[in-house]
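See below for the structure under consideration.
The values are calculated or read from the model by the stated rules, or taken from the named source; none is laboratory data. Keep in mind the model is a prediction, meaning the values are calculated, not measured. Glycine also receives a Cβ, built like all others from the backbone with ideal geometry; neighbour counts cover every protein chain displayed. Surface accessibility is based on the protein's heavy atoms, side chains included, excluding ligands, DNA and RNA. Shrake-Rupley method; radii C 1.70, N 1.55, O 1.52, S 1.80 Å.
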Amino acid sequence: MASPPDSLSARLEDRADLLESARLRYGTLRGMLEGFFWRDRVRAHFELLREVAQAQPEVDSTLASLKRRAAAEGWPRDALPVKLMSEVERLREAVERRVLKRLPGAEASVPLAEALLRLEEVVLEAGPLLGRRTWARAIELLPRNLPELRAACAAAEVFERIFKRPVSSGAWPFDEAEAGELCRAFPLARAALAALWARLEHFDTSGRVKDFLERRASRAPLHVPRSGPELMLHAAFWHGVALSRARVLLDERLSPLVPRDEEVPELLAWFAARKGGEDGPGLVAGASFSEARAGLLEVAAELARLSRERPSGAWNEEAAWARLWTAARRASGEEGADVERLRDALRLFILLRGQAQTPARLFSPEHALHRASDDVGPEVKDLASLVRAARNAASRQA
């Protein structure tokens with residue numbers, strides 16, 4: 001027995017909304033692809049093109065599922081759900097024919113979603129027929145529903161929420177949960193923005209749009225972003241602010257070592273776990289740095305702490321030197337400019353501690369170098385040996 005129309009409509013549930021949206025989008029898209037100026041119409045509605053492409057796999061699976069169910073249950077042809085399915089299928093075929101017609105050398109077996117994205121590339125590469133102003137061209141190249149743009153905006157929301165609020169001088173500005181958000185947001189923003197700049201470079205053959213946006217990327221947004229270029233500039237600005245603020249925080253705690261951009265997120269999480277520099281877990285090697293590099297970063301952090309202030313209590317002081325020595329042993333085998341900077345910092349530490357033991361009337365740079373050479377000479381390269389010499393110099397000062 002066939003089901004009544006009301007029962008059939010109830011069975012479609014939320015899929016009726018999906019099919020109705022598809023029907024409206026297909027009808028609009030079919031009209032856009034007709035006529036001589038179809039490229040200009042498509043150029044003005046790239047967001048619609050992408051919406052259809054993104055929803056296409058779900059629409060196809062829904063149509064196939066409902067057709068099987070209609071055949072199995074004997075749904076009447078004049079029922080509203082069946083009519084809706086038939087119209088959606090008819091419009092889909094019409095759109096597919098027009099899209100394949102507009103694509104040079106396209107095969108009939110290409111899925112509609114893929115064909116729509118290819119059509120976007122064809123239109124963008126062709127450029128506007130009569131030329132456009134820079135901002136209008138930027139809007140064409142950066143539709144708001146680009147996945148990369150959405151990712152960049154999601155990361156920018158995290159950056160703005162954390163770094164927009166005022167921070168007390170010297171205080172660590174966020175907790176472990178927020179540091180975890182930053183760990184996810186920094187790589188996401190870096191990859192998404194790189195993809196957006198690459199998209200501009202690919203389609204903007206004149207380079208005017210890319211240069212125009214690059215000059216404005218460091219400017220603070222003055223209003224809520226609405227268009228695609230505004231969203232990208234908003235994301236680029238807050239990514240720049242976040243990276244700059246993060247580097248200031250890390251420079252205070254790792255100088256003279258300068259961390260790489262890809263190391264920043266994991267270092268922020270590490271310092272957050274240590275509450276900005278207090279005792280806490282050691283730095284674990286991750287995707288951004290090796291075991292030896294992790295040890296080197298930890299040496300820089302421990303040495304910066306000891307250089308700022310002496311730990312209170314004999315136990316805390318011994319524990320700090322033990323952490324520094326362990327990190328130096330862990331960093332063995334690492335070479336490069338960062339290692340040399342830390343060697344220089346340790347030698348300076350030894351030199352300054354040696355000055356404290358010399359009466360002012362007897363002090364001279366040559367005498368200070370002689371006292372430093374009592375512990376370590378310039379030929380010593382091993383960080384652990386330098387740490388041991390620095391500990392000896394500090395103990396003489398006590």
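Tell me, yes or no, whether segment 238-254 has at least one residue that is open to solvent by less than 40 Å² (accessible area, probe 1.4 Å), assigned to a loop (DSSP other than H, G, I, E, B) and out of contact with any His (no Cβ under 8 Å at 6 or more places or on another chain). No: zero hits.
Among residues of segment 206-221 being of a type in the set (D, E, K, R) and open to solvent by 70 Å² or more (accessible area, probe 1.4 Å), the one that is nearest to the chain's Cα centre (by Cα) is Glu214. Taking the condition in a helix (DSSP H, G or I) and under 16 Å from the mean Cα position of the chain (by Cα), does Leu193 pass? So Leu193 passes the test.
From the list Glu302, Glu340, Glu334, which one is part of a helix (DSSP H, G or I) and in contact with a Leu (Cβ under 9 Å, 6 or more places away or on another chain)?
Numbers: Glu340 fails: in contact with a Leu (Cβ under 9 Å, 6 or more places away or on another chain); Glu334 fails: part of a helix (DSSP H, G or I).
On inspection, the qualifying residue turns out to be Glu302.
Summed over segment 99-108, the residues that are part of a loop (DSSP other than H, G, I, E, B) and modelled with pLDDT of 75 or more give a count of 2. In summary, Arg50 fulfils each of the numbered conditions (1) within 16 Å of Pro143 (Cβ to Cβ); (2) not in a helix (DSSP H, G or I) with the single exception of condition (2). Residues in segment 180-197 that are in contact (Cβ under 8 Å) with a residue 40 or more places away in the chain, open to solvent by 10 Å² or more (accessible area, probe 1.4 Å) and of a type in the set (Gly, Ala, Ser): 3 in all. If only residues of segment 147-177 that are modelled with pLDDT of 90 or more and charged (D, E, K, R) are counted, the one that is surrounded by the most Cβ atoms within 10 Å (Cβ to Cβ) is Glu148. Counting only residues that are free of Cβ contacts under 8 Å to residues at least 40 places away in the same chain and among the charged types (D, E, K, R), how many does segment 70-100 have? Final tally of qualifying residues: 8.
Taking the criterion of being more than 22 Å from Pro259 (Cα to Cα), in contact with a helix residue (DSSP H, G or I) (Cβ under 7 Å, 6 or more places away or on another chain) and surrounded by fewer than 19 Cβ atoms within 10 Å (Cβ to Cβ), the residues of segment 322-357 that qualify are Leu351, Gln355, Ala356, Gln357. Only one of the numbered conditions (1) surrounded by 14 or more Cβ atoms within 10 Å (Cβ to Cβ); (2) part of a helix (DSSP H, G or I); (3) of a type outside the set (Lys, Arg) is not met by Pro311, and that is (2).
Quick grid of which residues meet (1) within 24 Å of Gly228 (Cβ to Cβ); (2) surrounded by 19 or more Cβ atoms within 10 Å (Cβ to Cβ); (3) of a type in the set (Ser, Thr, Tyr); (4) in contact with a Pro (Cβ under 6 Å, 6 or more places away or on another chain):
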{"residue": "Arg30", "(1), (2), (3), (4)": "no, no, no, no"}
{"residue": "Phe36", "(1), (2), (3), (4)": "no, no, no, no"}
{"residue": "Arg39", "(1), (2), (3), (4)": "yes, yes, no, no"}
{"residue": "Val42", "(1), (2), (3), (4)": "yes, yes, no, no"}
{"residue": "His45", "(1), (2), (3), (4)": "yes, no, no, no"}
{"residue": "Val59", "(1), (2), (3), (4)": "no, yes, no, no"}
{"residue": "Leu66", "(1), (2), (3), (4)": "no, yes, no, no"}
{"residue": "Trp75", "(1), (2), (3), (4)": "no, yes, no, no"}
